[in-house]
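To keep things clear, I will list the structure first and then write my remarks on it.
Computed from the coordinates by the stated procedures, all read-outs in this text should not be read as laboratory data. Values in this document were obtained by computation on a predicted structure and should not be read as measured data. Note that each Cβ is placed from the backbone with ideal geometry, even for glycine, and that neighbours are counted across all protein chains shown.
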């Protein structure tokens, strides 16, 4: 009796289907982990923000009419804190003083380390804040508000070492 094993079409079909079932199962597991750890949107209610996009454009036009600009003069890391020096000037280069300046310092890809930062005026359109931070890339997104309720939004990417 010769019981020699032969691969038949049924064996090939079973192996092929098994392979794709395993691939699909692994993909489902990875997709589940990916969506749970980062859902892909940093803004909550992005649909509603899209509906109010014209309001955002009007706010940007009002900000452009102010003619202000912000720059980070210094972002120095010492210990576990970063000291951020910010200056705000008008379109003629004159310092803009008397503003209430606040911001959020966050990692670009995560909301885990978001920190609200309050700047204190140090004179002549310059403001300073100290916040907990580590080395690496950080986003500073904030706004300045004057006594006439005029708002100025600013953004800067910081690379801390």
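Tabulated data
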{"item": "Protection proxy ranking of 130-141, 4-15 - average other beta-carbon atoms within 10 Å, highest first", "result": "130-141, 4-15"}
{"item": "Calculated FRET value between residue 31 and residue 8, using beta carbons and R₀ = 22 Å, to 0.05", "result": "0.05"}
{"item": "Linear extension gain, residue 20 paired with residue 113, 0.36 nm per residue minus alpha-carbon span", "result": "29.5 nm"}
{"item": "Point-to-point label distance, residue 73-residue 51, nm (Cα→Cβ direction, 7 Å offset)", "result": "4.4"}
{"item": "Alpha-carbon Debye profile of region 23-106, log10 I(q)/I(0) at 0.19, 0.26 Å⁻¹", "result": "-1.03, -1.20"}
{"item": "Efficiency of FRET from Cβ geometry, residue 58 and residue 147, R₀ 25 Å, rounded to 0.05", "result": "0.70"}
{"item": "For q = 0.08, 0.11, 0.16, 0.20 Å⁻¹, Debye-computed log10 I/I(0) when each Cα of the chain counts as one equal scatterer", "result": "-0.42, -0.62, -1.02, -1.29"}
{"item": "Ranked list, fewest to most other Cβ atoms within 10 Å of each Cβ, for 112, 26", "result": "112, 26"}
{"item": "Ranked list, fewest to most other Cβ atoms within 10 Å of each Cβ, for 118, 46", "result": "46, 118"}
